[in-house]
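For reference, the structure discussed in these notes is given below.
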Amino acid sequence: MSVRVRFAPSPTGQVHIGNIRAAIFNWLFARHNGGQFLLRIEDTDRERSTPEAVQTILRAMEWLGITFDETPLYQSTQHDQHRQAAEKLLASGHAYKEDKGGTGQGDCILFRMPGTDIGFHDEIKGDLNKKAEDMKDFVIVRSNGTPVFHLANVVDDITQGITHIIRGDDHVENTFRHVALYKALGAPVPRYAHLPMIVNAQGKPYSKRDGAAYVGQFRDMGYSADALFNYLTLLGWSPGEDREKMTREEIIAAFTLDRVKSGPAQMDIRKLTHMNGLYLAELPVAVFAEEVRRYLAKLDWGQNLEESLFMSVCQLMQSRTPLYPQCETWKYFFVDPIEYDEKAVQKTLAKEGIKPALEALRHHLAECDFSEPGIQQAIRKAEAALGSGEGKLNQPLRVAVTGVAIGAGIYEILAIMGRTRSLARLETSINRL
RNA sequence: GCGCCCAUCGUCUAUCGGUUAGGACACCAGGUUUUCAUCCUGGUAAGCGGGGUUCGAUUCCCCGUGGGCGCGCCA
């Protein structure tokens with residue numbers, strides 16, 4: 001039988017990182033087994049479900065490249081099925097009506113637990129069992145006629161022909177009830193796999209209070225979809241070799257449920273960031289540049305930049321950019337006058353003898369061809385003329401023309417910025433001393 | 001309280017009875033013609049405790065301990 005799995009989110013807000021990981025694992029399982037991955041929108045909570053939230057889910061999945069195989073099923077269209085299932089259970093004696101009180105609306109429908117122990121095999125946790133006396137009957141249809149999660153979820157999984165249910169392990173307790181429901185409905189019980197939770201440093205479920213918790217936030221922060229996908233995959237699963245950065249194809253090929261860990265995993269944003277840097281570094285420059293442009297466009301100085309300069313800067317800075325928003329620090333490449341970092345100035349420029357040194361630098365730089373080796377040579381000449389050690393003028397020059405003490409190689413920076421701009425800035429800095 | 005689940009470096013993990021317990025992030029030191037980052041090299045760092053089973057346990061079993069989840073006319 002062909003594998004059919006699903007992702008069944010409620011459209012009630014942002015897409016939580018734990019939910020999308022469940023989606024990823026389902027998707028991986030389907031792709032590895034050549035099966036189908038379906039999307040079901042559980043929008044029966046009319047109060048909280050919104051069309052915007054549906055779009056958010058769709059966008060998050062598209063961004064991450066989690067493709068689904070059939071038209072999404074909206075749970076709200078399945079009311080008749082739910083009703084019929086409830087009637088069937090009522091007729092067969094598996095369910096009964098009762099006024100549990102509390103709502104004042106009359107009878108609700110409860111499912112009658114079979115009175116026997118229930119067990120199932122979990123692909124991740126192994127054999128799980130529950131004694132009859134530890135389970136009680138539960139409501140499947142509210143007194144207002146609407147189906148409860150357990151009923152709707154199981155009925156929809158039956159109509160969609162779901163063969164494997166892969167979800168968070170906060171659902172294990174529900175599974176005993178769901179298994180009973182399947183049997184009462186005369187449907188084959190699917191295979192189950194319960195994923196460990198993603199937790200915070202305190203071991204509690206990871207939430208928005210612990211940092212970025214929603215897919216959209218990670219995107220805004222400058223993480224690439226591939227990096228996030230790859231990282232999330234490694235939370236609770238490993239290929240069993242010392243491999244971490246893998247292509248999607250490699251992950252699909254290696255993914256099996258028996259390699260999923262059963263204990264909770266803690267999110268480490270630093271490792272994600274490191275991985276993101278690896279992904280950004282290997283991007284074609286054009287792709288990297290396009291994404292950088294999106295972030296720069298939000299800045300007051302970030303639009304209408306000179307194209308060839310922009311591309312050169314992207315090329316230069318790509319390998320040292322773990323997160324897109326860091327392109328904010330590239331301002332000095334494009335904007336005059338530069339902003340001086342006072343700490344850097346104090347450390348490198350506010351010193352005895354720096355002014356004549358910079359003047360010598362200016363002289364030799366003005367005579368060179370402004371190629372990288374030419375610039376390097378000019379600096380060495382200035383140093384030799386002053387009797388100072390090799391490389392001693394690199395940092396003062398850097399601060400003089402960029403205003404900051406950190407960045408790419410100074411020869412490359414000068415070459416990219418060009419003669420006119422570089423010398424003008426040097427001049428300005430000399431006059432400030 | 002009852003039930004279920006979980007337990008290897010700070011973190012993510014490998015190990016399917018025999019290993020100097022490996023890798024990655026982070027951290028520390030050094031190197032890459034003296035910045036920052038990438039990169040390279042090296043280093044610090046782990047089997048929760050107690051019983052068994054076994055020639056031999058991180059690995060299998062039991063009991064503790066710690067943590068998580070569940071016990072709704074929420075999903």
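Rule-based calculations on the coordinates, nothing more; no lab input. It should be emphasised that the depicted structure is a prediction, and the values quoted were computed from it without experimental measurement. We place every Cβ from the backbone using ideal geometry, glycine too, and count neighbours over all the protein chains shown.
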Pairs of Cα atoms under 8 Å, at least six residues apart: use those to get the relative contact order of chain A, whole percent. 12 percent
Run the simple label-point estimate for residue A:142 and residue A:405 please: 7 Å along Cα→C-beta, distance reported in nm. 6.2 nm
Per-residue HN-Hα couplings for region A:73-86, Karplus 6.51 cos²θ - 1.76 cosθ + 1.60 at θ = phi - 60°, whole Hz, x for Gly and Pro? 9, 9, 4, 5, 8, 9, 3, 4, 4, 4, 4, 4, 4, 5
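If each residue of separation counts as 0.36 nm, what is the full-extension length gain between residue A:298 and residue A:117 once their alpha-carbon separation is subtracted? Can you show the working numbers first?
On the way: separation 181, 0.36 × 181 = 65.16 nm, distance 6.01 nm.
So the extension gain works out to 59.1 nm.
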How far is it, in nm, from the label point at residue A:432 to the one at residue A:208 when both lie 7 Å from their Cα along the line to the Cβ? 4.2 nm
Vicinal HN-Hα couplings computed from phi for region A:18-24 (Karplus, 6.51 cos²θ - 1.76 cosθ + 1.60; Hz; Gly/Pro x): x, 5, 5, 5, 4, 4, 4
In degrees, nearest 10, the alpha-carbon axis of helix A:172-184 is tilted away from the dominant principal axis of the alpha carbons of chain A by 40 degrees
Describe numerically, in nm with one decimal, the distance between label points set 7 Å from Cα along Cα→Cβ at residue A:363 and at residue A:245. 4.7 nm
How large is the Kirkwood hydrodynamic radius of region A:77-163, in angstrom, based on all distinct alpha carbon pairs? 14.3 Å
Under a 5 Å amide H to amide H cut-off, with H placed in plane at 1.01 Å, what residues pair with residue A:108 once short-range neighbours are removed? A:98, A:99, A:100
With no solvent and one point on each alpha carbon, what is the Debye value of log10 I(q)/I(0) for region A:261-395 at q = 0.13, 0.15, 0.16, 0.17 Å⁻¹? -0.80, -0.96, -1.02, -1.07
Tell me what chain A gives for mean residue ellipticity at 222 nm when only DSSP H runs of n ≥ 4 count, each as -39,500 (n - 2.57), the sum divided by the residue total, rounded to 500 deg cm²/dmol. -13500 deg cm²/dmol
If you find the alpha carbon centre of region A:227-263 and of region A:25-68, how far apart are they in angstrom? 20 Å
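To the nearest 20 Debye, how big is the dipole of chain A about its Cα centre, given +1 on the beta carbon of each Lys and Arg and -1 on that of each Asp and Glu?
It comes to approximately 540 debye.
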Trypsin sites (Lys or Arg not before Pro), restricted to region A:293-379: which are DSSP loop and have at most 10 other Cβ atoms within 10 Å? A:298
Euclidean distance between Cα centres, region A:278-330 to region A:359-433, Å: 24 Å
Among the aspartates and glutamates, select those whose C-alpha is under 13 Å from the C-alpha of residue A:245, and discard any that sit fewer than 8 residues away in the same chain. A:226, A:282
Which residues in region A:152-174 place their backbone N less than 20 Å from a point set 7 Å from the Cα of residue A:70 along the Cα-to-Cβ direction? A:152-167
Using R₀ = 35 Å, calculate the FRET efficiency as 1/(1 + (r/R₀)^6) where r is the Cβ-Cβ separation of residue A:52 and residue A:328; round to 0.05. 0.75
Rounded tilt (10° steps) of A:285-296 against the dominant C-alpha axis of chain A: 90 degrees
One computes Rg over Rh for chain A from alpha-carbon atoms, with the Kirkwood Rh, and obtains 1.18
Can you flag which of A:208/A:343; A:97/A:131; A:131/A:261; A:271/A:355 are past 32 Å Cα-Cα? A:208/A:343; A:271/A:355
With an 8 Å cut-off on Cα pairs and a minimum separation of 6 or more residues, tell me the relative contact order of region A:138-220 in percent. 23 percent
Cα long-axis angle, helix A:149-159 against chain A (0 to 90 degrees, to the nearest 10): 90 degrees
With +1 on the Cβ of every Lys and Arg and -1 on the Cβ of every Asp and Glu, and nothing else charged, how large is the dipole of region A:90-199 about its Cα centre, in debye rounded to the nearest 20? 180 debye
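State which stretch of chain A is the longest one without any exposed GluC sites (Glu not before Pro), exposure meaning a DSSP loop state and at most 13 other Cβ atoms within 10 Å.
Formally, the longest exposed-site-free interval is A:71-240.
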Take every Cα pair under 8 Å in region A:187-246 that's 6+ residues apart, average their separations, divide by the length, and report that relative contact order as a whole percent. 21 percent
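For an R0 of 41 angstrom, estimate the FRET efficiency from the Cβ-Cβ distance between residue A:339 and residue A:159 and round to the nearest 0.05.
0.10
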